[in-house]
1. Checking residue 281 against (1) closer than 22 Å to residue 101 by Cα; (2) crowded, with 18+ Cβ neighbours inside 10 Å, which single condition isn't satisfied?
2. Could you tell me which numbered condition residue 266 fails, if it satisfies all but one of (1) touching a strand residue (DSSP E or B) at 6+ places or on another chain (Cβ under 7 Å); (2) surrounded by fewer than 14 Cβ atoms within 10 Å (Cβ to Cβ); (3) touching a residue at least 40 places away in the same chain (Cβ under 8 Å)?
3. For the stretch 57-65, indicate whether the set of residues that are closer than 15 Å to residue 152 by Cβ, more than 12 Å from the chain's Cα centre (by Cα) and outside any loop (DSSP other than H, G, I, E, B) is non-empty.
4. Taking residue 117, is it exposed (fewer than 15 other Cβ atoms within 10 Å of the Cβ) and under 20 Å from residue 162 (Cα atoms)?
5. Can you work out which of the residues in the stretch 292-313 that are crowded, with 16+ Cβ neighbours inside 10 Å and assigned to a loop (DSSP other than H, G, I, E, B) is nearest to the chain's Cα centre (by Cα)?
6. Does residue 38 satisfy the condition of being part of a helix (DSSP H, G or I), surrounded by fewer than 24 Cβ atoms within 10 Å (Cβ to Cβ), assigned by TED's automatic domain parsing to the domain that holds residue 134 and at pLDDT below 90?
7. Quick test for you: out of 69, 19, pick the one residue that is at pLDDT 90 or above and over 27 Å from residue 127 (Cβ atoms).
8. Under 7 Å between Cβ atoms, which residue pairs at least 6 apart in sequence (or on different chains) link something in the stretch 230-255 that is in the same structural domain as residue 217 (by TED's automatic domain parsing) and surrounded by fewer than 16 Cβ atoms within 10 Å (Cβ to Cβ) with a partner that is in a helix (DSSP H, G or I) and at pLDDT 75 or above?
């Protein structure tokens, strides 16, 4: 987000190589709709507005700022005490906030709007009046681009994002279940409300006696942490994707408890069916990276294990 200096598509010069897949708007919505609804319940900001701003500011999550700093709203440093990155924007080498995860960016966006008096008028508006919110953001100085409200409204209406704001039937499946869930929470929302609406992952037991779930398309650590009432730090610690991997891939194993130091199976050995890294083996076999390195006299988690090569698991 550019406070008082926003133009369409902040920092859309991406660091994406030709081999990287760009995120589409539909994929972005699938990935972040749950987070946007949770923020709406907690801070009374329309989910449609949050999603539209995220799409516009981050180029669907593909911008340099989104990829390098997990900053989906272009929030500049101001009084920020956390990590920072510097990029050319309206001026050279401007300071932007850097987050551990994009989920933190979403929460900080909510805190920014609710914590500044110039946006107070917005919170007198109905949650379902996305047009008034779009215009109000511009009037409050969120953006200097005169077309900013129109840009947000166009995104919301084209993608039907207002279906997430409550009181509007979900056009994707003809169900108003989400609206009903939100309607039940007229009082300040709690995490349990979001959990109830999105508790969909089946807990499985790994052969190494570990509880885990399998990520679905659009899953993030935030969604899974909310569902199982865990801290995101726990999921980062139990899994070796690291905080830079916000958007999980369909089929990823996500452990809900710490991985083991060795296999529970006597003389267990992993035989690579394709070229993989030690980190990937650790995640698939439920064994800590450092233990695999020690047992196999290896030095790097990024070391490639060639097809047919054996790795000791115990």
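1. Checking residue 281 against (1) closer than 22 Å to residue 101 by Cα; (2) crowded, with 18+ Cβ neighbours inside 10 Å, the one that fails is (1).
2. (1)
3. Yes, the stretch 57-65 contains at least one residue that is closer than 15 Å to residue 152 by Cβ, more than 12 Å from the chain's Cα centre (by Cα) and outside any loop (DSSP other than H, G, I, E, B).
4. The answer is no for residue 117.
5. This residue is 301.
6. no
7. Just a single option satisfies the conditions, and that option is 69.
8. Pairs found: 231/225; 242/236.
The values are calculated or read from the model by the stated rules, or taken from the named source; none is laboratory data. No experiment lies behind these values; they were computed from the predicted model shown. Positions of Cβ are backbone-derived with ideal geometry, glycine not excepted, and every protein chain shown enters the neighbour counts.
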